Amino acid sequence: MPTTLIAFLGACTLVAASPGPSTVLIIRQSLHSRRSGFLTVLGNETGVFIWGVVAAFGLTALLTASEVAYDVMRIVGAVVLVGFGVQTLRQARRGKGAEEGAWEGTRKSGWASYRGGLLLNLANPKAAVFALSFLPQFVPEGAPHLPTMIGLAALWAVYEVGYYGLYVWFVGRMKTLLSRAGVRRRLEQVSGGVLLLLGVRMALDG
């Protein structure tokens, strides 16, 4: 069991370290405040746990079995990503030439940050399919399947809260540099462009 747990946490590290839409959104929100960044992390990991529980009940198998269901979720996910990307680019444009106070005024509410992280994760069908294929590999032989899968999903989410929390902390430590309007605007532009491209890629990924 300890060996399995170590292997599971190692795999979780590799998964979290792989760049994706959630990473981009977390960093982007952390540019505004640690609070926004951390609440985005909590929203994202709520989504991770939900997909883990859904996988434990075998419901995500429907996505792999139904091409129509998967494609619907894929298009929805693409729309969400493109929406985040466009919103970020528009915000960067509005912030052009603005002082720090203008950027501070664009901070999202706590609920909006949490909701953004949750929505981005739940709108990604690949996250659902990955949970279905990832978690069962670490269920020890003879262990009760459902509670073990749910327990692993919870551990996965909690572990990633700590991992992505380091991103939020690091961006906060760079606050002096990132508070410069020009630097922040450029990072917003890059983040928005990446989210937009990921959305287009998801839409075209058949």
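The values are calculated or read from the model by the stated rules, or taken from the named source; none is laboratory data. Just so we're clear, the structure is a prediction, and the values are computed from it rather than from any experiment. Positions of Cβ are backbone-derived with ideal geometry, glycine not excepted, and every protein chain shown enters the neighbour counts. Just the protein is used for accessible areas: all its heavy atoms, side chains included, with ligands, DNA and RNA removed. Shrake-Rupley method; radii C 1.70, N 1.55, O 1.52, S 1.80 Å.
Residue count for the range 136-195, restricted to those that are assigned to a loop (DSSP other than H, G, I, E, B), in contact (Cβ under 8 Å) with a residue 24 or more places away in the chain and among the small types (G, A, S): 1.
Could you say which residue among E188, E141 is open to solvent by 20 Å² or more (accessible area, probe 1.4 Å) and of a type in the set (D, E, K, R)?
On the way: E188 fails: open to solvent by 20 Å² or more (accessible area, probe 1.4 Å).
Checking each option against the conditions leaves just E141.
Close contacts from the range 112-123, counting a first residue that is over 8 Å from T46 (Cβ atoms) and a second that is assigned to a loop (DSSP other than H, G, I, E, B), with Cβ to Cβ under 8 Å and a gap of 6+ residues or different chains, come to G116/K108.
How many of the residues in the range 1-51 are outside any helix (DSSP H, G or I) and under 19 Å from L132 (Cα atoms)?
Looking only at that region, the number is 2.
Within the range 3-53, the set of residues being modelled with pLDDT of 95 or more and of a type in the set (D, E, K, R) comprises E45 only. Of V82, V86, all but one fail to be over 25 Å from V158 (Cβ atoms), in a helix (DSSP H, G or I) and touching a Gly at 6+ places or on another chain (Cβ under 6 Å); the exception is V82.
Give the residue that is nearest to A157 (Cα to Cα), with candidates limited to residues of the range 52-68 that are open to solvent by 30 Å² or more (accessible area, probe 1.4 Å) and outside any loop (DSSP other than H, G, I, E, B).
Top of the filtered list is V53.
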